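Written out below as structure tokens is the structure these notes cover.
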Amino acid sequence: MLRITRYRYNNVPYDSNGKYYYIADGDFVWNPGWQPTQTKLDSYECRHGIGYTRFTSSKNGLSAELLNFVPLSDTCEVNCLTVRNTTDSAKSFKVYSYVEFCLWNALDDMTNYQRNLSTGEVEVIGSTIYHKTEYRERRNHYSYFSVNEKAAAFDTSRDAFIGTYRPASNPAAIENGGCTNSVASGWYPIAAHELDVTLEAGAEKTFVFVLGYAENPVDQKWEAPNVINKAPAKALLAKYQTKEDVDRALTELKDYWTNLLSGYVVNSADEKVNRMVNIWNQYQCMVTFNMSRSTSYYESGIGRGMGFRDSNQDLLGFVHLIPEKARERIIDIASTQFPDGSAYHQYQPLTKRGNSDIGSGFNDDPLWLIAGASAYIKETGDFSILDEMVPFDNDESTKVPLFEHLTRSFDYIVSHKGPHSLPLIGRADWNDCLNLNCFSDTPGESFQTSGPSEGPVAESVFIAGMFVKYGEEYRQLCLHRGLTEKAEEAEKEVKAMYDAVLTAGWDGEWFVRAYDANGDIIGSHKCEEGKIFIEPQGFCVLAGIGVKEGKAQQALASVEKYLDTKYGIMILQPCYTHYYLNLGEISSYPPGYKENGGIFCHNNPWVSIAETVCGHGDRAFEIYKKTCPAYIEDISEIHCTEPYVYSQMVAGKDAAFFGQGKNSWLTGTAAWTFVNISQYILGIQPDYKGLKIDPCVPAQFGDYTIVRKFRGATYNVTIQNPDKMQKGIRELTVNGRSVEGNIVPFEEGVKEYNVVAKM
Ligand code: GLC
Ligand code: GLC
């Protein structure tokens with residue numbers, strides 16, 4: 001609804017049409033960011049920081065530095081361009097800016113030409129170009145692009161600046177020596193400035209460009225007939241007039257992140273662990289909080305709202321960073337639950353209402369709410385959230401305490417079991433592509449919404465594992481509320497599920513994946529393809545199933561034997577080589593990709609956590625490293641994605657491009673890898689009563705320290721491992737006193753805990 005600049009979907013290369021700055025210097029037209037002219041530069045560097053990016057480049061005796069960021073507290077993006085003359089004589093040249101506006105609604109912008117080619121409107125005042133398409137009617141907002149310098153000329157019509165039949169790499173205005181002060185009327189509104197610059201030898205000049213967004217109250221939209229009220233834009237621009245203003249805003253941004261990321265800081269001998277844990281993994285967790293699965297190179301930001309399961313899992317990775325926002329998120333999510341405990345699979349972030357296009361029927365969803373809520377309580381100790389009054393399906397008249405929502409989640413699984421006493425799968429469980437009740441044979445039909453949302457036969461061993469894990473959390477919450485009977489009931493149910501998994505869910509060497517709508521087994525040695533799946537191995541073992549029976553260890557050994565590769569653990573083997581009507585989308589992907597045998601990074605940490613449950617620190621860390629960006633930077637030509645951010649998927653060994661990553665940034669991988677490394681490997685686990693210290697590391701990992709902020713106190717934790725153990729601590733001292741067990745109890749009023757744990 002509120003897109004400021006245009007994004008060209010389905011375009012190649014897909015990062016074209018950004019905000020461009022051109023330098024026209026004698027025979028050369030070049031860009032500090034190389035695109036779009038792709039003029040060969042004398043030097044080029046691009047650095048991504050936390051919330052900002054800096055390009056540094058040079059050409060023909062001029063050097064340029066372009067800094068881009070969105071300030072913390074203003075609705076704008078700042079692009080600060082400094083150009084320096086590195087020669088020993090004066091230089092005169094031109095700088096041009098260029099952005100192309102989106103006509104607000106992205107889908108409408110790219111489809112509704114018959115209307116949109118006549119609606120574009122702008123206003124130009126000095127060096128500020130205002131984009132006000134549709135402001136004359138129902139929009140009370142506009143955007144603007146400005147520079148802190150008098151422009152020699154401007155353009156707002158794309159045809160005038162770029163020229164008809166020309167690419168952005170070769171704008172007509174630049175070729176013709178300048179802009180023509182074009183005023184867009186319909187067609188394609190853009191904003192371009194032309195700036196004349198003369199620099200003495202060694203001199204430099206800074207331009208502050210601001211791309212802003214403003215809203216006005218309905219009764220204050222206009223300052224004159226058809227002239228928009230520019231007060232909010234002017235107020236904002238006044239804050240970004242000098243390089244000092246920019247520096248101040250950047251410092252503010254950096255301080256924000258430094259402070260935010262100070263809640264979990266590890267210092268180990270492994271620089272890559274330190275870098276990923278302290279900076280990039282937590283940063284990615286914040287990005288998934290902010291963006292969920294909205295806009296990125298891989299998600300269009302159109303349609304699909306926030307996932308019920310995705311959002312609960314994302315929360316596991318950011319709850320320690322922004323607990324108040326996590327609280328609000330849990331309430332929002334729970335408000336989209338149905339009275340029977342099932343849930344809308346997705347909800348719209350702006351209205352916070354369930355998305356009826358997709359509806360419910362994904363039977364893992366209810367349990368993720370318990371996962372999210374219990375993680376929040378363990379982090380904050382704030383049990384009061386359980387008493388918060390929360391509606392069903394956003395119907396205010398149905399409000400009940402949040403705890404009741406968790407009960408409905410739990411009961412939903414109990415009351416939806418199939419022939420083997422395992423949970424019914426519904427449309428799908430965590431694996432959206434295992435569509436056992438769908439039977440789709442029509443091209444283009446959605447696997448997610450076709451067929452019945454329920455089936456009385458198809459069952460999921462994965463949900464069973466979840467039930468054991470989060471059923472136990474639920475039981476503990478019951479106990480905390482003094483509901484002993486409910487707790488006993490829950491214990492019985494969890495026990496029954498545990499047993500069902502070890503019988504109908506055990507295949508001999510590993511855990512079964514599911515039973516289909518005919519009651520046929522999926523993920524078994526009896527199957528021709530898809531004999532073993534990762535999800536039940538990871539989740540059942542991390543839930544503790546089969547550990548004392550020795551089956552957990554066997555399942556993990558099978559994972560290593562059948563699913564492991566040098567780039568991570570594949571989701572299943574052997575891949576499906578043709579389409580199976582009874583399995584759905586999973587068999588629609590070519591072997592090695594996505595859910596059909598890709599390395600689905602999201603569930604690799606489940607196996608790593610499972611290994612820690614069994615005490616295998618070496619193996620847990622080996623799994624961690626295989627998908628961790630910092631460790632695969634040196635195979636970037638194979639991996640092909642950012643070496644500091646997790647991807648959803650890396651192509652499996654059956655794929656043509658084995659090892660190639662896809663769908664980076666917006667993935668539950670961020671949260672789960674952070675949970676794995678921070679809580680299970682490095683071993684700092686929030687618990688109801690305090691911080692549990694339970695490391696499971698490689699024997700050679702060495703000593704390390706962690707600073708952890710927890711419930712308003714600071715924990716300085718030192719882990720000593722003189723005997724090169726892989727798991728567990730044998731001595732714990734807190735503020736000089738020795739403590740039994742491995743929990744540092746939280747005490748109201750104590751602000752600093754100096755913790756020494758000896759493995
Ligand atoms: C995607 C979805 C997630 C699902 C996963 C596996 O990442 O966002 O909800 O669990 O795929 O299918
Ligand atoms: C497709 C993807 C899966 C995703 C789902 C919902 O099925 O393969 O990863 O979860 O779409 O968007």
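The values are calculated or read from the model by the stated rules, or taken from the named source; none is laboratory data. Everything numeric in this text was worked out from a predicted model, so none of it was measured. Cβ placement follows ideal geometry from the backbone for every residue including glycine, while neighbour counts extend to all protein chains displayed. Protein only, heavy atoms only, side chains kept; ligands, DNA and RNA dropped before computing areas. Shrake-Rupley method; radii C 1.70, N 1.55, O 1.52, S 1.80 Å.
Do you know which of the residues in segment 336-367 that are polar (S, T, N, Q) and surrounded by 23 or more Cβ atoms within 10 Å (Cβ to Cβ) is farthest from GLY426 (Cα to Cα)? Ranking the qualifying residues of segment 336-367, first place goes to THR336. From the list CYS614, CYS640, the one residue that fits, being in contact (Cβ under 8 Å) with a residue 60 or more places away in the chain and among the hydrophobic types (A, V, I, L, M, F, W, C), is CYS614. Within segment 381-397, the only residue that satisfies the criterion of being among the hydroxyl-bearing types (Ser, Thr, Tyr) and open to solvent by less than 70 Å² (accessible area, probe 1.4 Å) is SER384. Applying a threshold of 7 Å to beta carbon distances and a minimum spacing of six or more residues, or different chains, the list of pairs starting in segment 581-594 at a residue that is in contact (Cβ under 8 Å) with a residue 40 or more places away in the chain and ending at one that is among the β-branched types (Val, Ile, Thr) and away from ligand 2 (no atom under 13 Å from the Cβ) reads PRO591/THR577. Just one residue in the set PHE621, PHE657 is farther than 26 Å from VAL273 by Cβ, away from ligand 1 (no atom under 16 Å from the Cβ) and either at pLDDT below 95 or of a type in the set (A, V, I, L, M, F, W, C) (or both); that residue is PHE657.
Looking across segment 1-30 at every residue that is among the polar types (S, T, N, Q) and touching a residue at least 24 places away in the same chain (Cβ under 8 Å), the one that is nearest to ILE162 (Cα to Cα) is identified as ASN17. Across segment 545-572, the number of residues qualifying as more than 14 Å from PRO605 (Cα to Cα) and in contact (Cβ under 8 Å) with a residue 60 or more places away in the chain comes to 6. When PRO686, PRO643 are checked against the criterion of being more than 16 Å from ligand 1 (Cβ to nearest atom), under 19 Å from the mean Cα position of the chain (by Cα) and open to solvent by 10 Å² or more (accessible area, probe 1.4 Å), PRO643 stands alone in meeting it.
Do we have SER415 as small (Gly, Ala, Ser) and over 23 Å from GLY584 (Cα atoms) here? Yes. Residues that are out of contact with any Ser or Thr (no Cβ under 8 Å at 6 or more places or on another chain), within 30 Å of ASN105 (Cβ to Cβ) and either open to solvent by less than 30 Å² (accessible area, probe 1.4 Å) or modelled with pLDDT under 95 (or both) do occur in segment 315-326.
If you go through segment 80-120 and keep only what is at negative phi, open to solvent by less than 40 Å² (accessible area, probe 1.4 Å), hydrophobic (A, V, I, L, M, F, W, C) and at pLDDT 95 or above, you end up with CYS80, LEU81, VAL83, PHE93, VAL95, VAL99, PHE101, CYS102, LEU103. The numbered conditions (1) open to solvent by 10 Å² or more (accessible area, probe 1.4 Å); (2) more than 16 Å from ligand 1 (Cβ to nearest atom) are all true for TRP430 except (2).
Here the condition is being open to solvent by 20 Å² or more (accessible area, probe 1.4 Å), farther than 28 Å from PRO323 by Cβ and in contact (Cβ under 8 Å) with a residue 40 or more places away in the chain; of LYS724, LYS662, LYS692, LYS709, it holds for LYS662 alone. Taken over segment 419-464, residues that are small (Gly, Ala, Ser), in a loop (DSSP other than H, G, I, E, B) and in contact with a Ser or Thr (Cβ under 9 Å, 6 or more places away or on another chain) amount to 7.
Of the listed requirements (1) at pLDDT 95 or above; (2) more than 16 Å from ligand 1 (Cβ to nearest atom); (3) of a type in the set (S, T, N, Q), THR351 misses just one: (1). Annotation note: Cβ proximity below 6 Å between a residue of segment 435-464 that is within 14 Å of TYR579 (Cα to Cα) and open to solvent by 10 Å² or more (accessible area, probe 1.4 Å) and a residue that is among the aromatic types (Phe, Trp, Tyr) and within 16 Å of ligand 2 (Cβ to nearest atom) (sequence gap 6+ or interchain) occurs for CYS438/PHE447. Residues that are within 13 Å of ligand 2 (Cβ to nearest atom) and more than 12 Å from the chain's Cα centre (by Cα) within segment 308-323 comprise PHE308, ARG309, listed in sequence order. In segment 285-332, the residue that is nearest to ligand 1 (Cβ to nearest atom) out of those that are within 15 Å of PRO366 (Cα to Cα) and among the polar types (S, T, N, Q) is GLN313. Scoring SER409 on the criteria (1) small (Gly, Ala, Ser); (2) open to solvent by less than 40 Å² (accessible area, probe 1.4 Å); (3) over 27 Å from LEU386 (Cα atoms) leaves a single failure, condition (3). Beta carbons closer than 7 Å, at least 6 apart along the sequence or on distinct chains, pair a first residue in segment 505-528 that is crowded, with 21+ Cβ neighbours inside 10 Å with a second that is assigned to a strand (DSSP E or B) and of a type in the set (Gly, Ala, Ser) for ALA514/SER460; ILE522/ALA514; GLY523/ALA514. When the strands (runs of 3 or more DSSP E) confined to segment 678-759 are screened for residues that are farther than 23 Å from GLY617 by Cα and modelled with pLDDT of 95 or more, those reaching at least 3 such residues are found at 713-720, 752-758.
Close Cβ contacts (under 6 Å, 6 or more residues apart or on different chains) running from residues in segment 370-385 that are on the phi > 0 side of the Ramachandran plot to residues that are of a type in the set (Phe, Trp, Tyr) and in a loop (DSSP other than H, G, I, E, B) are absent. If we scan segment 595-613, do we find a residue that is surrounded by fewer than 24 Cβ atoms within 10 Å (Cβ to Cβ) and of a type in the set (Gly, Ala, Ser)? No, every residue in segment 595-613 fails to be surrounded by fewer than 24 Cβ atoms within 10 Å (Cβ to Cβ) and of a type in the set (Gly, Ala, Ser).
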